[in-house]
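Participant: Before anything else, here's the structure in question.
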Ligand SMILES: CC(C)(COP(=O)(O)OP(=O)(O)OC[C@H]1O[C@@H](n2cnc3c(N)ncnc32)[C@H](O)[C@@H]1OP(=O)(O)O)[C@@H](O)C(=O)NCCC(=O)NCCS
């Protein structure tokens with residue numbers, strides 16, 4: 001799958017994740033640990049080590065090579081300042097995937113998530129061959145819901161106790177974006 005780089009506001013680059021990112025990714029997760037904690041699963045201690053990130057990146061890149069996941073990193077001044085991922089890619093007559101993302105605490109509120117979600121929706125259609133993207137947010141994640149709304153996602157319901165986030169099974173709002181109505185390519 002050919003996925004290129006994109007320039008986002010403030011000169012931030014959105015590019016495919018690479019195996020050499022483990023050090024920078026570990027630094028980003030250490031710096032943003034408290035910022036991300038309310039919105040993510042509880043992380044084991046090895047998540048905050050270079051080796052832990054190297055192993056996780058290897059698995060993501062293996063799934064990328066198999067066409068099941070597409071991982072991007074936001075890069076700025078040699079730092080990783082966020083990530084956005086399409087996971088659970090299924091083609092055939094479903095052509096759907098899940099969207100997840102985060103932006104570093106010191107880069108929020110500059111339109112980065114909105115610009116990246118827009119680009120990823122375009123690449124999902126043109127490069128991945130998707131028809132639909134699904135995203136879910138904890139009910140009180142107003143910032144993430146606003147990003148989805150600005151990018152044309154529609155609310156499709158409430159999923160009670162959907163994901164184990166910050167130590168509890170949390171209710172989530174579900175959203176989808178239908179990218180087009182063309183027939184699937186063979
Ligand atoms: C949610 C997140 C990705 C947003 O990233 P960002 O780059 O700051 O997003 P943008 O700047 O593109 O847009 C944010 C929008 O949300 C709005 N917003 C921010 N906090 C909000 C809140 N608590 N309630 C409602 N809207 C909010 C902003 O005003 C902005 O909307 P506007 O352009 O209409 O003013 C970022 O805050 C983050 O990573 N949070 C922690 C991890 C997370 O929640 N990930 C998503 C899990 S579903």
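The values are calculated or read from the model by the stated rules, or taken from the named source; none is laboratory data. Not measured: the values here are computed from a predicted model. Please note: Cβ atoms are built from the backbone with ideal geometry, for glycine as well, and neighbour counts cover all protein chains shown.
Participant: Kindly establish whether residue 99 is free of Cβ contacts under 8 Å to residues at least 60 places away in the same chain, more than 8 Å from the ligand (Cβ to nearest atom), surrounded by 21 or more Cβ atoms within 10 Å (Cβ to Cβ) and closer than 23 Å to residue 35 by Cβ.
Facilitator: Yes: the conditions hold for residue 99.
Participant: Only one of 8, 36 is modelled with pLDDT of 95 or more, over 18 Å from residue 77 (Cα atoms), within 18 Å of the chain's Cα centre (by Cα) and within 15 Å of the ligand (Cβ to nearest atom); which?
Facilitator: The unique qualifying residue is 36.
Participant: Any idea which residue in region 81-96 is farthest from the ligand (Cβ to nearest atom), counting only those that are surrounded by fewer than 21 Cβ atoms within 10 Å (Cβ to Cβ) and within 25 Å of residue 38 (Cα to Cα)?
Facilitator: Here the answer is 88.
Participant: While we're looking at this one, here's another question. Return only the number of the condition from (1) closer than 13 Å to residue 12 by Cβ; (2) in contact with a helix residue (DSSP H, G or I) (Cβ under 7 Å, 6 or more places away or on another chain); (3) outside any strand (DSSP E or B) that residue 119 does not satisfy.
Facilitator: So the condition that residue 119 fails would be (2).
Participant: If we scan region 155-162, do we find a residue that is closer than 27 Å to residue 11 by Cβ and either within 14 Å of the ligand (Cβ to nearest atom) or modelled with pLDDT under 95 (or both)?
Facilitator: no
Participant: Considering only region 140-154, how many residues are surrounded by 15 or more Cβ atoms within 10 Å (Cβ to Cβ) and either free of Cβ contacts under 8 Å to residues at least 12 places away in the same chain or more than 10 Å from the ligand (Cβ to nearest atom) (or both)?
Facilitator: 1
Participant: Report every pair of residues separated by at least 6 positions or lying on different chains whose Cβ atoms are under 7 Å apart, first residue within region 62-81 and on the phi > 0 side of the Ramachandran plot, second modelled with pLDDT of 95 or more and loosely packed, with under 13 Cβ neighbours inside 10 Å.
Facilitator: none
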